[in-house]
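Notes follow the structure.
We did not get these values from a lab; they are worked out from the coordinates using the rules stated. None of the values given here were measured: they were computed from a predicted structure. We place every Cβ from the backbone using ideal geometry, glycine too, and count neighbours over all the protein chains shown.
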Amino acid sequence: MNTLNTLLLHNTDQDIARAGEILRGGGLVAIPTETVYGLAANALDGQAVAKIFKAKGRPQDNPLIVHISELSQWNALVREIPPQAMALAKSYWPGPLTIILPKSGIIPDEVSAGLDTVAVRFPSMRTTRKIIDAAGVPLAAPSANLSGSPSPTCAKHTMNDMAGRIEAVLDGGDCNFGVESTVVTLAGAVPRLLRPGAVTPEDLREVLGEVEIDEAVMGKLKEGAKAASPGMKYKHYSPKAEVTIVKSDLEAFCKMAEKIDNKETTFALCFDGEERTIPLKCVTYGREDDSLTQSHRLFTALRELDEQGAEKVYARCPSTDGVGMAVYNRLLRAAGFNVIEL
Ligand code: TXA
Ligand code: MG
């Protein structure tokens, strides 16, 4: 598989034009967005999109998000845009929000993975929009990690996963948010949150009124249940270490940590400042009361645990309020739904 000579492109007009050419020609380019790096291909070219699944090792039944650079491009991708959807777009686009609607005939099956809906996002990062403009077509892009690994939030992590598998990585610096977009479907009777992100349930309710939270958001789907968002059913975002979320206060956490025999390869994933108290090697991911920073740092922290040789990780449980719901949702998948309460 690792046979391509992957170019490292930079955030210059010349390199953005080069990325556009590669994408128009049916190639793959990893691109920065305000959430995480995406692995992009021409969304209207089924053969190009098929290469994304191969490069990532992504299950075929997991559909992709289509990225646009102007609101007017949305129309051609969906059957119709209901007033509710337009109101949502007007409030939070461009930004970290993905809206699912019934798809139009121009969406290849490779993008929607056999579903009759399509997920669309209008990113706020200027570089992303310039790349879409340079390509001249909407871009299908999942996160640019190998399937199952944490999503990359900088060009280096992207290159680590994708070198040899794709034509180019465009370095646009660190991602602003660091967790993937909020995914909401308006294809059913009641709007439903499928994946939490920086646009919170409260934000959605302000525009939509009632919003259901899919049961896969905060827990594990029951055996045999059909996932509304196929991506949510996989163990995901995982470091190599075995992660356990610990619901407790700091004191109980420290008492548990004291009793651990193997302190060489057992780590704590904790909040800033707690590394002074917890009797384990620690990787921090933001202050306890700062969900936005936690979302920004979580995936980098998970990769760092691998780099430091962690085999077992006990994670302090984040707040699930506001953006915290996205942090908890990702950490829960990194932990393979492994949660203990002290
Ligand atoms: O922030 C993001 O959304 C990033 C950047 C690159 O834009 N992209 C991203 O893509 O996270 P991906 O493929 O890693 O996650 C897309 C999620 C998956 O859970 C997938 O199952 C779901 O959205 N999804 C996509 N299309 C869908 C559809 N038509 N119906 C239900 N779920 C869908
Ligand atoms: Mg992903």
Discussion item. What does the C-alpha gyration tensor say about the overall shape of the range 61-126? Classify as rounded when a/c is under 1.5, otherwise prolate if a/b is larger than b/c, or oblate.
Written reply: prolate
Discussion item. For the chain, set up a GNM with springs between Cα atoms under 10 Å and report which of I16, I131, I81 has the largest fluctuation.
Written reply: I81
Item to complete: Report the dimensions of the range 282-338 along its three principal axes from the alpha-carbon atoms, largest first, rounded to Å.
Response: 32, 21, 14
Worksheet item: What list of ³J(HN,Hα) values in whole Hz, one per residue of the range 102-116 in order, does the Karplus curve 6.51 cos²θ - 1.76 cosθ + 1.60 (θ = phi - 60°) give from phi, with Gly and Pro shown as x?
Response: x, 8, 8, x, 7, 7, x, 4, 4, 6, 8, 6, x, 7, 9
Worksheet entry | Ranked list, fewest to most other Cβ atoms within 10 Å of each Cβ, for D174, D15 | D174, D15
Item to complete: Take the alpha carbon gyration tensor of the range 171-266, find the square roots of its eigenvalues, order them as a ≥ b ≥ c, and report rounded if a/c is under 1.5; if not, report prolate when a/b exceeds b/c, else oblate.
Response: prolate
Worksheet entry | Fully extended contour minus Cα-Cα distance, from K247 to L4, at 0.36 nm per residue | 83.0 nm
Worksheet, complete the sentence: With -39,500 (n - 2.57) per DSSP H segment of 4 or more residues and division by the full residue count of the chain, the 222 nm estimate, nearest 500 deg cm²/dmol, is -8500 deg cm²/dmol
Worksheet item: Among I213, I106, I132, whose mean-square fluctuation peaks in a Gaussian network model of the chain (Cα, cutoff 10 Å)?
Response: I106
Item to complete: Please give the contour-minus-distance gain from D174 to S72: 0.36 nm per residue of separation, less the Cα-Cα distance, rounded to one decimal in nm.
Response: 33.9 nm
Worksheet item: Looking at the chain, what % of its DSSP beta bridges pair antiparallel, to the nearest 5?
Response: 35 percent
Discussion item. To make sure I understand, if each residue's beta carbon is the centre and we count other beta carbons within 10 Å, what order do E34, E242 fall in, fewest to most?
Written reply: E242, E34
Fill in: Within the range 260-290, GluC sites (Glu not before Pro) in DSSP loop having at most 14 other beta-carbon neighbours inside 10 Å
E264
Worksheet item: So how compact is the chain: Cα radius of gyration and Dmax in angstrom?
Response: 19.8, 60
Worksheet entry | Estimated D of the range 211-342 in µm² per second, where Rh is the Kirkwood radius over Cα pairs and Stokes-Einstein applies at 4 °C, 1.567 mPa s | 86 µm²/s
Worksheet item: When DSSP beta bridges are limited to those with both residues in the range 45-189, what percentage is antiparallel, rounded to the nearest 5?
Response: 55 percent
Worksheet, complete the sentence: Calc'd 3J(HN,Hα), the range 309-320, phi into Karplus 6.51 cos²θ - 1.76 cosθ + 1.60 (θ = phi - 60°), Hz, glycine/Pro = x, comes to x, 5, 9, 10, 10, 9, 10, 5, 7, x, 5, 9
Worksheet item: Which of the pairs K130/K240; K240/K263; K56/K222; K54/K220; K156/K255; K103/K240 have their Cα atoms more than 29 Å apart in this structure?
Response: K130/K240; K156/K255; K103/K240
Worksheet entry | Point-to-point label distance, I340-T277, nm (Cα→Cβ direction, 7 Å offset) | 1.9 nm
Worksheet, complete the sentence: Using the Kirkwood radius over Cα pairs of the range 1-104, the Stokes-Einstein translational diffusion coefficient at 20 °C and 1.002 mPa s, in µm²/s and rounded to a whole number, is 138 µm²/s
Worksheet item: What's the FRET efficiency of R79 with E307 using the Cβ-Cβ distance as r and R₀ = 35 Å, to the nearest 0.05?
Response: 0.15
Item to complete: Please return the longest stretch of the chain lacking exposed loop sites, where trypsin sites (Lys or Arg not before Pro) count only if DSSP places them in a loop and at most 15 other Cβ atoms lie within 10 Å.
Response: 80-221
Worksheet entry | Centre separation in Å (Cα based) which lies between the range 181-246 and the range 56-115 | 17 Å
Worksheet item: With labels modelled as points extended 7 Å from the Cα through the Cβ direction, what inter-label distance (nm, one decimal) is found for K226 paired with R126?
Response: 4.5 nm
Worksheet, complete the sentence: Scaled by the rule-of-thumb 2.2 N^0.38 Å, the alpha carbon Rg for the range 181-226 gives a ratio of 1.17
